[in-house]
Amino acid sequence: MASSQVVKVLIVDDDNFTRRIYKTMLFRFCFEITEVEDGKNAIQQFVDGNEYDLVLMDKHMPNMDGVEATRTLRGMGIPVKIVAITDDASSKDTFMDAGANKFLLKPLTFSMLTDILKSFNFLN
Amino acid sequence: MNIQDLQNLQLIQIASERIRNVERPRSVSSVSPFINNNSTILSSCGVLCLNPTQESINQEGNTQREKAMDVNMLQRTYSDLLTSLFREGILNQQFTELQQLQDENNPGFVYEVVSLFFEDAGRLINELISNFNQQAVDYKKIDAYVHQLKGSSASIGAEKIRSVCQTFREYYDKNDIQGCYNCIQPLNQEFVTFKSKLEALFTLEQQIVAAGGSIPMMRH
């Protein structure tokens, strides 16, 4: 886990509407939330020394898509839990091969999110 | 709008008028639960005559009862409208998910995200229409817009809009340009319908709250 006790989540999605919904869901758990619009900015967060417990990664984004961002993070040795969330069902294998921990189809529901958080033991 | 929509709007207007102009009873001719032991009875005519304090208490009671009836009517209209939106396939379960995210920490959450959707979707659809009217149509850009619109409509539970976007993408994948073009007008129409109905729903919510009521929670 990241150094503080609070779970730190990075939302990576180019749609501000989607980010707003994810943030509202995650606020329920009093998590610390950061959001970025594409894979390139997601990588930069880690390059800048930020630590996260969980990344919610979209697939289709400008500059760098979610698969490439996932692959890059794993290549950097970043062990953060990465959950791919996309409406592109055909990208599951690609995401998992790139190093994602879980793959979910949009739209994300609160119960889907809760199940994921429980599976990672983020709900104590 | 269809006949049901017009009836719903008429109900909203009637309810609004009644809230604004609460009628006071012209006379008190029946026993009120608020009568206390100080009332005076004229037994010869059987009419209950009350001192001015009792009469104003009864009028207050009738006003409160009338307000409660107005709130009930607004709540019923709200429930009927919301049910019809699900029945007609305009909304799906994802909208209920959003409603459940609204709480005392996020009191205006649904209104906020729906308003954001109106703004984003309106802009995207304008871009789509504008791009299709260009001499050289950039289909890759159009596909990107539709992809974005599909995602946001799915997130909010705008089922019909999502469905038209899905149809567009199927035509796009088959390189069926005419099919893509034929989706634009229905997409715009579904957006207009969605916007007007959700705006009516939010208007009812505001009126219910203004009348001192609570928004009915419904399961779909």
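The values are calculated or read from the model by the stated rules, or taken from the named source; none is laboratory data. All values reported here derive from a predicted model rather than from experimental measurement. All Cβ positions, glycine included, derive from the backbone under ideal geometry; neighbour counts span all protein chains shown. Ligands, DNA and RNA are stripped out before the accessible areas are found, and what is left, the full protein with its side chains, is counted by its heavy atoms. Shrake-Rupley method; radii C 1.70, N 1.55, O 1.52, S 1.80 Å.
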Ordering B:Y78, B:Y111, A:Y52 by accessible area with a probe of 1.4 Å, largest first, what comes out? B:Y111, A:Y52, B:Y78
Region B:122-220: relative contact order from alpha carbon pairs under 8 Å, six or more residues apart, as a whole percent, is 20 percent
Sort B:199-212, A:100-113 by packing, meaning the average of other beta carbons within 10 Å per residue, with the highest value first. A:100-113, B:199-212
Note on region B:143-165: residues buried by at least 10 Å² of accessible area once partner chains are added (vs chain on its own, 1.4 Å probe) come out as B:H147, B:Q148, B:K150, B:G151, B:S152, B:A154, B:S155
Rounded, prolate or oblate: which fits region A:70-123 when a ≥ b ≥ c are the square roots of the eigenvalues of the alpha-carbon gyration tensor, with rounded for a/c under 1.5 and prolate only if a/b beats b/c? oblate
I'd like the interface area for chains B and A: accessible area of each alone minus the complex, both sides summed, 1.4 Å probe, protein heavy atoms only. What is it in Å² to the nearest 100? 1600 Å²
Residues of A:13-22, mean number of Cβ from any other protein chain within 10 Å of their own Cβ, rounded to a whole number? 5
Positive minus negative residues near B:I208 (Lys, Arg vs Asp, Glu; Cβ under 12 Å): 0
If the cut-off is a Cα-Cα distance under 15 Å, which aspartates and glutamates reach B:K140, setting aside same-chain residues fewer than 8 apart in sequence? B:E127, B:E170, B:D173, B:D176
Packing-based order for B:143-155, A:70-82, B:171-183, using average beta carbon neighbours within 10 Å, highest first: B:143-155, A:70-82, B:171-183
Highest mean first, what order results for A:14-23, B:100-109 on Cβ atoms within 10 Å? A:14-23, B:100-109
In nanometres, the difference between 0.36 nm per residue of separation and the alpha-carbon distance of B:S214 and B:Q135 is 23.2 nm
Between B:S196 and B:Q178, what length comes free when the chain is fully extended (0.36 nm per residue of separation minus the Cα-Cα distance, one decimal in nm)? 3.6 nm
Using a ≥ b ≥ c from the Cα gyration tensor of region A:1-113 (square roots of the eigenvalues), is it rounded, prolate or oblate, where a/c under 1.5 gives rounded and otherwise the larger of a/b and b/c decides, a/b for prolate? rounded
Within 10 Å of the Cβ of an average residue in B:94-106, the count of other chain Cβ atoms is 3
Per-residue Cβ counts within 10 Å, from other chains only, averaged over B:168-176: what number is that? 0
Check: C-alpha center region A:30-98 vs C-alpha center region B:63-135, spacing in Å is 31 Å
